[in-house]
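Participant: Sharing a structure with you now.
Here, each number is a calculation from the coordinates, and none is a lab measurement. These numbers were taken from a predicted model, which means no experiment stands behind them. Glycine also receives a Cβ, built like all others from the backbone with ideal geometry; neighbour counts cover every protein chain displayed.
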Amino acid sequence: MIGYVTLGVSDMAKAKAFYTDLLGDQGVKVLLDMGRIAFIGKNMSSPMLAVCVPYNEQPNHPGNGNMVAIPAGSKESVDALYKKAIELGATCDGEPGQRIPDQFYGAYVKDPDGNKLAFFVFG
């Protein structure tokens, strides 16, 4: 259903390094780099994350209420992604924990540009 989600960033090199380092263990890499925008994912036919300098060349602004949720596969992977994101310069926006008993375990961070991410597992 989703082809890709785009996040505005202020520093392309820093954003590409953050996301490829964070998600590299899941087989993620920069798939297409067009200078102002780069597509990051496993392959071009799977959902991707794009990072870009805004087209109008104005400063990027994270959206209030916008969030990209990244499936982690397990509670341990949620914890590991959260820890790695913090080590890579993200800030905590909700430590790992059970949010809905027996249904949803998640953690929340803001990337170096302030974009909100969730790492989660259902069940």
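Participant: Quick check: residue separation of GLU87 and ARG99 times 0.36 nm, minus the Cα distance between them. What number comes out in nm?
Facilitator: Values: separation 12, 0.36 × 12 = 4.32 nm, distance 2.32 nm.
2.0 nm is the gain from fully extending GLU87 to ARG99.
Participant: Considering only region 67-123, what is the antiparallel percent among its DSSP beta bridges, to the nearest 5?
Facilitator: Numbers: 13 of 17 bridges.
Bridges in region 67-123 are about 75 percent antiparallel.
Participant: List residues of region 95-123, by number, whose backbone nitrogen lies under 16 Å from a label position 7 Å along Cα→C-beta of SER10.
Facilitator: 110-116, by backbone N distance to the label point.
Participant: Extending each Cα 7 Å along its Cβ direction at ALA80 and ASN43, get the distance between those two points in nm, one decimal.
Facilitator: 2.2 nm
Participant: Also, quick follow-up: Between the helical axis of 75-87 and the dominant principal axis of the chain, each derived from Cα atoms, what acute angle in degrees is found, rounded to the nearest 10?
Facilitator: Value to nearest ten degrees: 40.
Participant: When a/c reaches 1.5 or more, the comparison of a/b and b/c decides; with that in mind, is the chain rounded, prolate or oblate per its Cα gyration tensor? Spell out each step's value before the answer.
Facilitator: Working: a/c = 1.84, a/b = 1.51, b/c = 1.21.
Judged from the Cα gyration tensor, the chain comes out prolate (a/c at least 1.5, a/b above b/c).
Participant: Give the distance, in whole Å, between the Cα centre of region 14-47 and the Cα centre of region 51-123.
Facilitator: Region 14-47 and region 51-123 have Cα centres spaced 16 Å from each other.
Participant: Then there's this: Cα extents of region 1-54 along the three principal axes, largest first, in whole Å?
Facilitator: Computed over the Cα atoms, the extents are 25, 23, 15 Å.
Participant: Count the DSSP beta bridges whose two residues both fall in the chain, then state the antiparallel fraction as a percent rounded to the nearest 5.
Facilitator: Values: 21 of 30 bridges.
Of the beta bridges lying entirely in the chain, close to 70 percent run antiparallel.
Participant: Note the angle between two axes, namely the Cα long axis of helix 12-23 and the longest principal axis of the Cα atoms of the chain, as a number of degrees from 0 to 90, rounded to the nearest 10.
Facilitator: So the helix axis and the longest Cα principal axis differ by about 30 degrees.
Participant: Suppose the chain between VAL30 and VAL121 were pulled fully straight at 0.36 nm per residue; how much longer would it get relative to their current alpha carbon spacing?
Facilitator: 30.3 nm
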